[in-house]
Amino acid sequence: MPYQEFVRRSLALVLIIAITIIIFALVLNLSSILMLTFLCWVISVGLEIPAARFQQWGLPRGVALALTILAILVLLVLFGLILLPALVSQVNNLVQQIPGVIESVVRQYEDFRNSNSWASDILPSFTYQDYQELIKPAQNGSFDISGILGTTLNIFVNFGGALVSLAANLFLIVFLSLYLAADPTLYYRIIVALVPKDREARTVEIINLVRKTVVSWFGTLLLDISTTATIITVALWLLGVPNAIALGVLAGLGNIIPYIGYWAALIPIVIFALGSTNLVTAVIVFVVYVVGGFVIDNVIRPALIKNTLSLPAGVVLVSQSVAGALLGFWGVLLAVPLVAICAVLLRELYVFDILGKRGHILSIDEAKNGSLILKTSPESGPETVKPPLAPPKIKPRPRK
């Protein structure tokens, strides 16, 4: 390779790395603004779900969007009149019952350990007197909460700070979301204008796929929250657990953070069931909650939503950790749609367009000896299956 060519390529590589670092640094510094804008765009796409249905009935887009906003306001008013008073009352009861619930759990633990010899050999000793000694500094006003709670407290503080920031920017979120939903084609035209002419149709196709992915996630999230909250509330009410509505809503809102949120809500639900009822009811609540989660994940959700996001659980959990470390609460909240959009772009732009693997089905199986076996086959959908060739027709020769 000539020396000039080597220098040119080296400078180009250094320039690409420098630009990448600068862009990454800008994204991190502007992460809150970018995530807020992304949230507004997601909400605007979500508003298009009912608005599109109204448009299918022959209504103009402006009227359809106005009816969508009106329907959302009506639902919020109904929620505030019917469920919100009971929810606020039960949340206040939960907060006031926390000390008594913890004391009841400690006493039941002590009684259970003392009444079973095998439990006393396995479980560590923690008596009611130990609990009183533990909380005595808090009663005297010299209790160092941060020294005990540590990382858990930081998580709740960050979560509370995010909620305060969300409340402070609520007007901006509503205004910007409505502004994006009013004329979304304006911004998509800007994107299409920046690509070559022969790639315009492909760009519009990818934009539609991205929007479809966001709509699927938005619908999945709303159905997850409402279905989980309803099922857990009814189950806790039937089991006689107090404040069932508040605990059910807590379980439903846990689905905002997939996998982690739902199972994290199990801890306070079991603790309150144990402190307000008895050990048998708490065990039943635990079993019902676990079985309910399995039924929701494997039966109800696939039945309600045919085209769910096919993201592996491991990918979602890793993406939540990475997004949380880089972007904080906003990253954890929006990790799933971000990963889903990246998966669509990677599949369409790299796998299909660059590698040319459209219609190429890849399957990897594991043999009995543990080795991997690669299997590939062409796509066998109705669009790609060609009809069998008909035998050629032989015309009879005319007789002379």
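The values are calculated or read from the model by the stated rules, or taken from the named source; none is laboratory data. The shown structure was predicted, so the numbers you read here are calculated from the model rather than taken from an experiment. A quick note on method: Cβ atoms are made from the backbone with ideal geometry, for glycine too, and the neighbour counts reach across all protein chains shown.
At-a-glance table
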| quantity | calculated |
| --- | --- |
| Exclusive hit being in contact with a Ser or Thr (Cβ under 7 Å, 6 or more places away or on another chain) and not basic (Lys, Arg), set 214, 234, 241 | 241 |
| Complete set of residues in region 170-211 that are basic (Lys, Arg) and without any contact (Cβ under 8 Å) to a residue 40 or more places away in the chain | 189, 197, 199 |
| Selected residue [touching a Gly at 6+ places or on another chain (Cβ under 8 Å) and modelled with pLDDT under 75] from 305, 300 | 305 |
| Top-ranked residue of region 361-379 - restricted to ones that are part of a loop (DSSP other than H, G, I, E, B) and surrounded by fewer than 10 Cβ atoms within 10 Å (Cβ to Cβ), ranked as modelled with the highest pLDDT | 371 |
| Check on residue 265, more than 27 Å from residue 312 (Cβ to Cβ), free of Cβ contacts under 8 Å to residues at least 40 places away in the same chain and surrounded by 22 or more Cβ atoms within 10 Å (Cβ to Cβ) | no |
| Test: residue in region 219-234 that is surrounded by fewer than 23 Cβ atoms within 10 Å (Cβ to Cβ), in contact (Cβ under 8 Å) with a residue 24 or more places away in the chain, part of a helix (DSSP H, G or I) and under 10 Å from the mean Cα position of the chain (by Cα) | yes |
| Cβ-Cβ under 8 Å pairs, at least 6 apart or on other chains, region 347-374 side without any contact (Cβ under 8 Å) to a residue 12 or more places away in the chain and more than 20 Å from residue 207 (Cα to Cα), far side outside any loop (DSSP other than H, G, I, E, B) and basic (Lys, Arg) | 364/375; 365/375 |
| Filtered residue count, region 200-211, keeping only those that are under 14 Å from residue 46 (Cβ atoms) and surrounded by fewer than 16 Cβ atoms within 10 Å (Cβ to Cβ) | 0 |
| Boolean, residue 214 is assigned to a helix (DSSP H, G or I), in contact (Cβ under 8 Å) with a residue 60 or more places away in the chain, surrounded by 13 or more Cβ atoms within 10 Å (Cβ to Cβ) and out of contact with any Cys (no Cβ under 7 Å at 6 or more places or on another chain) | yes |
| Test: residue in region 30-38 that is part of a loop (DSSP other than H, G, I, E, B) and free of Cβ contacts under 8 Å to residues at least 60 places away in the same chain | yes |
| Total residues in region 235-259, condition small (Gly, Ala, Ser), assigned to a helix (DSSP H, G or I) and over 30 Å from residue 339 (Cα atoms) | 3 |
| Filter result for the condition that a residue is modelled with pLDDT of 75 or more, in a helix (DSSP H, G or I) and in contact with a helix residue (DSSP H, G or I) (Cβ under 9 Å, 6 or more places away or on another chain), over 129, 90, 108, 97 | 108 |
| Residue check for residue 44: in contact with a Ser or Thr (Cβ under 8 Å, 6 or more places away or on another chain), over 29 Å from residue 242 (Cα atoms) and among the polar types (S, T, N, Q) | yes |
| Failed condition for residue 54, given (1) aromatic (Phe, Trp, Tyr); (2) over 30 Å from residue 184 (Cβ atoms); (3) part of a helix (DSSP H, G or I) | (2) |
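Residues are listed down the side, and each one gets a yes or a no for (1) surrounded by 11 or more Cβ atoms within 10 Å (Cβ to Cβ); (2) at pLDDT 70 or above:
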site	(1), (2)
160	yes, no
165	yes, no
180	yes, yes
184	yes, yes
194	no, yes
